[in-house]
Amino acid sequence: MKLTEIVEKLKQNQVVAYPTEAVFGLGCNPFSQSAVENLLILKQRPLEKGLILVAPELKFLLPFIDESKLQSEHWQRLQVQYERPITWVVPAHSEVPTFLTGRFNSIAVRLCRHPAVQMLCEQTGFALTSTSANLSGALPCQTADEVRSQFGLNFPVLDMCVGSANKPSEIRDLFTQQVLRSG
């Protein structure tokens, strides 16, 4: 599908697939409980795990972050461009719903500068949820055709290529820098 069609699907609180740094992600409007619930059902992902949010700029992620707990070194760490994608677990704002945070009082966020994420966020005005595009037990999709083979020919997928990263993002704690998932 074309970018404009995917943007419309996102604005209508539908789940879409879009390319990220290494694989296709499944995403939706993080402000829509029904969209997130549909994503979790589609992905067969338990609510307790929480979700990652991606955006090209920090301004899209700020509504989800408890800024009062971050110091300048944390802000700097969040905004550095790393050689490989890094997702940071940060304190969640008290108003962020559990359908995003799961069983945690934190939320995982990543600045993703992939052109698809940049265009989608700029044209919708919000960050995107991001979980790998694959059915439970299957490998993450790396092409739009792989997405269609797993989710159906009519599934809304943005026809662009993934970035050059070899692996999905590493996940780290923003305060301790402890690696929670290798990338």
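The values are calculated or read from the model by the stated rules, or taken from the named source; none is laboratory data. Remember, predicted model here, so these are calculated numbers, not experimental data. With ideal geometry, Cβ positions are generated from the backbone for all residues, glycine too; neighbour counts draw on all protein chains shown.
Any idea which residue in region 1-33 is nearest to Arg113 (Cα to Cα), counting only those that are among the polar types (S, T, N, Q) and in a loop (DSSP other than H, G, I, E, B)?
From region 1-33, those among the polar types (S, T, N, Q) are 4, 12-14, 20, 29, 32-33; that's our starting set.
Restricting the remaining residues to those that are in a loop (DSSP other than H, G, I, E, B) gives 12-14, 20, 29, 32.
Values: Gln12: 24, Asn13: 23, Gln14: 22, Thr20: 8, Asn29: 18, Ser32: 23 Å.
Checked region 1-33; the qualifying residue nearest to Arg113 (Cα to Cα) is Thr20.
State which residue pairs qualify: first residue crowded, with 24+ Cβ neighbours inside 10 Å and inside region 22-39, second residue of a type in the set (Lys, Arg) in any location, beta carbons under 7 Å apart, and separation of 6 or more residues or different chains.
Matching pairs, first to second residue: Leu26/Lys43.
Could you list, in sequence order, all residues of region 1-11 that are surrounded by fewer than 16 Cβ atoms within 10 Å (Cβ to Cβ) and under 18 Å from the mean Cα position of the chain (by Cα)?
To start, the set of residues in region 1-11 that are surrounded by fewer than 16 Cβ atoms within 10 Å (Cβ to Cβ) comprises 2, 4-5, 11.
The one that is surrounded by fewer than 16 Cβ atoms within 10 Å (Cβ to Cβ) and under 18 Å from the mean Cα position of the chain (by Cα): Lys11.
Could you check Pro156 against (1) under 15 Å from Tyr18 (Cα atoms); (2) surrounded by fewer than 13 Cβ atoms within 10 Å (Cβ to Cβ); (3) touching a strand residue (DSSP E or B) at 6+ places or on another chain (Cβ under 9 Å) and say which number it fails?
(2)
Please indicate, with yes or no, whether at least one residue in region 106-118 is out of contact with any His (no Cβ under 9 Å at 6 or more places or on another chain) and of a type in the set (Val, Ile, Thr). Walk me through it before giving the result.
Applying the first criterion (out of contact with any His (no Cβ under 9 Å at 6 or more places or on another chain)) to region 106-118 yields 106, 108-118.
So of that shortlist, the ones also of a type in the set (Val, Ile, Thr) come out as 109, 117.
Taking every residue of region 106-118 in turn, at least one turns out to be out of contact with any His (no Cβ under 9 Å at 6 or more places or on another chain) and of a type in the set (Val, Ile, Thr).
Just to be sure before I move on: is Val36 touching a helix residue (DSSP H, G or I) at 6+ places or on another chain (Cβ under 6 Å), at pLDDT 95 or above, assigned to a helix (DSSP H, G or I) and closer than 23 Å to Pro168 by Cβ in the structure I sent? Don't jump to the end; show me each part of the working.
Values: touching a helix residue (DSSP H, G or I) at 6+ places or on another chain (Cβ under 6 Å): yes; at pLDDT 95 or above: yes; assigned to a helix (DSSP H, G or I): yes; closer than 23 Å to Pro168 by Cβ: yes.
The answer is yes for Val36.
In region 130-146, which residues are among the polar types (S, T, N, Q) and either closer than 10 Å to Pro19 by Cα or in contact with a Gly (Cβ under 9 Å, 6 or more places away or on another chain) (or both)? Spell out the reasoning first.
Keep residues of region 130-146 that are among the polar types (S, T, N, Q), which gives 130-132, 134, 136, 142-143.
Matches in region 130-146: Ser130, Thr131, Ser132, Gln142, Thr143.
Residues Glu67, Glu170, Glu122: which one is over 17 Å from the mean Cα position of the chain (by Cα) and at negative phi? Give the derivation first.
On the way: Glu170 fails: over 17 Å from the mean Cα position of the chain (by Cα); Glu122 fails: over 17 Å from the mean Cα position of the chain (by Cα).
Result of the check over Glu67, Glu170, Glu122: Glu67.
Residue-by-condition table, conditions (1) among the small types (Gly, Ala, Ser); (2) within 25 Å of Phe175 (Cβ to Cβ); (3) in contact with a helix residue (DSSP H, G or I) (Cβ under 7 Å, 6 or more places away or on another chain):
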residue: Phe60; (1), (2), (3): no, yes, yes
residue: Glu73; (1), (2), (3): no, yes, no
residue: Glu83; (1), (2), (3): no, yes, no
residue: Gly102; (1), (2), (3): yes, yes, yes
residue: Pro115; (1), (2), (3): no, no, no
residue: Cys121; (1), (2), (3): no, no, yes
